[in-house]
């Protein structure tokens, strides 16, 4: 994090009610689609009430979803997550950058 930047908390990015609506308990072996992964994330995220744990969950989810992907694909993953979870894309992008995800510079 650069000097003067505020650390973004994952809970500030998403619409909590939307996450609760879409949350679904799933075993990892059951996840087949992007939406399954988002639903599983939403369940775990809304079941966790410690801010640090939520931040870790989101950071890990983003890193896993964008691992070995191009910057463009990483941007698409973030945009899709923000859309489905009614999240703030700019906050999500900044959170991703703060957690080591490489994104396009001028998006």
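The values are calculated or read from the model by the stated rules, or taken from the named source; none is laboratory data. Just so you know, these numbers come straight off a predicted model, no measurement behind them. Neighbour counts run over all protein chains shown; Cβ positions are idealised from the backbone, glycine included.
For this structure, a couple of remarks:
- In the range 57-72, the residues that are at negative phi and touching a residue at least 12 places away in the same chain (Cβ under 8 Å) form Cβ pairs under 6 Å with partners that are surrounded by 14 or more Cβ atoms within 10 Å (Cβ to Cβ) and part of a loop (DSSP other than H, G, I, E, B), at six or more places apart or across chains, as follows: 59/99; 62/101; 66/101; 71/103.
- Exactly one residue among 69, 54 is part of a helix (DSSP H, G or I) and surrounded by 10 or more Cβ atoms within 10 Å (Cβ to Cβ), and that residue is 54.
- Subset tally (residues that are in contact with a helix residue (DSSP H, G or I) (Cβ under 7 Å, 6 or more places away or on another chain), over 17 Å from residue 22 (Cβ atoms) and part of a helix (DSSP H, G or I)) for the range 90-107: 4
- Count of the range 13-33 residues which are over 12 Å from residue 85 (Cα atoms) and surrounded by 10 or more Cβ atoms within 10 Å (Cβ to Cβ): 5
- Annotation: residue 6 fulfils all but one of (1) within 10 Å of the chain's Cα centre (by Cα); (2) in a loop (DSSP other than H, G, I, E, B); (3) more than 17 Å from residue 80 (Cβ to Cβ); the unmet one is (1).
- Taken as a whole, the condition of being surrounded by fewer than 13 Cβ atoms within 10 Å (Cβ to Cβ) and closer than 27 Å to residue 105 by Cα does not apply to residue 86.
- Filtered residues of the range 38-73 (kept if out of contact with any helix residue (DSSP H, G or I) (no Cβ under 6 Å at 6 or more places or on another chain), modelled with pLDDT of 95 or more and over 17 Å from residue 95 (Cβ atoms)): 40, 43, 47
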